[in-house]
Amino acid sequence: MKKKIRTIGIDDAAFYRNKSKKTFIFGVVTRGYSFVEGILRGEIEIDGLDATEKIIWMIETSKFATQLKAIFLASSTIAAFNVIDMNALYEQLNIPVITILSKKPDEEKIRKALMHLEDGEKRYGILLSNPPMKRIKFKNKINREFEAIVQFTGINKIYEVKEIIEKATFTSFLPESLRIADLIGQTFKDYIIE
């Protein structure tokens, strides 16, 4: 695997849950851990069920679609409880998908929250169909060691996931593409999409 692989990190913009109906999602494309090559933007519904198709559209219509070696997500839910189907992302785009979390989420708490939504069972079914969570240790480029909870599809071995994360992570816990997508999203905290 090349040292400078292209990855995309996808995260949502900050939003007011009681005021906004939609929010932006940003995809930041980096080469390795240091060079930003592009920024993509889409729009999804808060608590909607359109995140998977919007991410697919955002990547397919970009010039990076055939160049990306991994898609990084901070979670398999985005914009509150808009659930991402990781398997559908991989099947449609043929790009490995990796979620990276600092700790394992409370699955029962998530299930209960989803049941307040009209199609909560469907959303919970998507979450259950996503790959299992696994614990890994990795080092970033400044040699700090971290433990993470990951889910992944399109990759066979966990050591390959570790290798991709290490190639994409500079000084923090998050791959640089995902860290920058989060930073961009935070600048939209006062922006309301009705």
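Table: residues versus (1) farther than 26 Å from Ile46 by Cα; (2) modelled with pLDDT of 95 or more; (3) not charged (D, E, K, R).
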site	(1), (2), (3)
His116	no, no, yes
Met133	no, yes, yes
Ile136	yes, yes, yes
Thr153	no, yes, yes
Leu174	no, yes, yes
Ile180	no, yes, yes
Gly185	no, no, yes
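Among the residues of segment 25-84, which ones are outside any loop (DSSP other than H, G, I, E, B) and among the polar types (S, T, N, Q)? Within segment 25-84, Thr30, Thr52, Thr77, Asn82 qualify. Only one entry in Ile95, Ile155, Ile149, Ile136 is touching a Lys or Arg at 6+ places or on another chain (Cβ under 8 Å), assigned to a loop (DSSP other than H, G, I, E, B) and either over 25 Å from Glu53 (Cα atoms) or of a type in the set (Val, Ile, Thr) (or both), namely Ile95. Mind listing just one residue for me: the one in segment 101-125 that is in contact with a Ser or Thr (Cβ under 9 Å, 6 or more places away or on another chain) and not in a helix (DSSP H, G or I) and, of those, farthest from Pro175 (Cα to Cα)? If we take residues in segment 101-125 being in contact with a Ser or Thr (Cβ under 9 Å, 6 or more places away or on another chain) and not in a helix (DSSP H, G or I), then Pro105 is farthest from Pro175 (Cα to Cα).
Tell me yes or no: at least one residue of segment 31-45 is without any contact (Cβ under 8 Å) to a residue 12 or more places away in the chain and closer than 24 Å to Lys167 by Cβ. No - not one qualifying residue is present in segment 31-45. Hey, any hits in segment 101-108 for a residue that's more than 17 Å from Ile165 (Cα to Cα), touching a helix residue (DSSP H, G or I) at 6+ places or on another chain (Cβ under 7 Å) and among the charged types (D, E, K, R)? Looking through segment 101-108, none of the residues is more than 17 Å from Ile165 (Cα to Cα), touching a helix residue (DSSP H, G or I) at 6+ places or on another chain (Cβ under 7 Å) and among the charged types (D, E, K, R). If you go through segment 131-153 and keep only what is surrounded by fewer than 19 Cβ atoms within 10 Å (Cβ to Cβ), of a type outside the set (Val, Ile, Thr) and either touching a strand residue (DSSP E or B) at 6+ places or on another chain (Cβ under 9 Å) or without any contact (Cβ under 8 Å) to a residue 24 or more places away in the chain (or both), you end up with Pro131, Pro132, Met133, Lys134, Arg135, Lys137, Lys139, Asn143, Glu145, Phe146, Glu147.
Give segment 126-152 a look and list any residue that's more than 15 Å from Pro175 (Cβ to Cβ), under 18 Å from the mean Cα position of the chain (by Cα) and not aliphatic (A, V, I, L, M), or say none.
Ser129, Asn130, Pro131, Pro132, Lys134, Arg135, Glu147
For every residue, the table says whether it meets (1) over 21 Å from Leu114 (Cα atoms); (2) surrounded by 15 or more Cβ atoms within 10 Å (Cβ to Cβ); (3) touching an Asp or Glu at 6+ places or on another chain (Cβ under 9 Å); (4) among the β-branched types (Val, Ile, Thr).
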site: Asp11; (1), (2), (3), (4): no, yes, yes, no
site: Val29; (1), (2), (3), (4): yes, yes, yes, yes
site: Asp47; (1), (2), (3), (4): no, yes, no, no
site: Met58; (1), (2), (3), (4): yes, yes, no, no
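When restricted to residues that are surrounded by 21 or more Cβ atoms within 10 Å (Cβ to Cβ) and of a type in the set (Phe, Trp, Tyr), segment 64-108 contains 1.
Restrict the check to segment 109-128 and report whether at least one residue is surrounded by 14 or more Cβ atoms within 10 Å (Cβ to Cβ), in contact (Cβ under 8 Å) with a residue 60 or more places away in the chain, over 22 Å from Gly27 (Cβ atoms) and not charged (D, E, K, R). Yes, segment 109-128 contains a residue that is surrounded by 14 or more Cβ atoms within 10 Å (Cβ to Cβ), in contact (Cβ under 8 Å) with a residue 60 or more places away in the chain, over 22 Å from Gly27 (Cβ atoms) and not charged (D, E, K, R).
The values are calculated or read from the model by the stated rules, or taken from the named source; none is laboratory data. Worth saying up front: this structure is predicted, and the values here are computed from it rather than measured. Every residue, glycine as well, gets a Cβ built from its backbone with ideal geometry; the counts of neighbours run over all protein chains shown.
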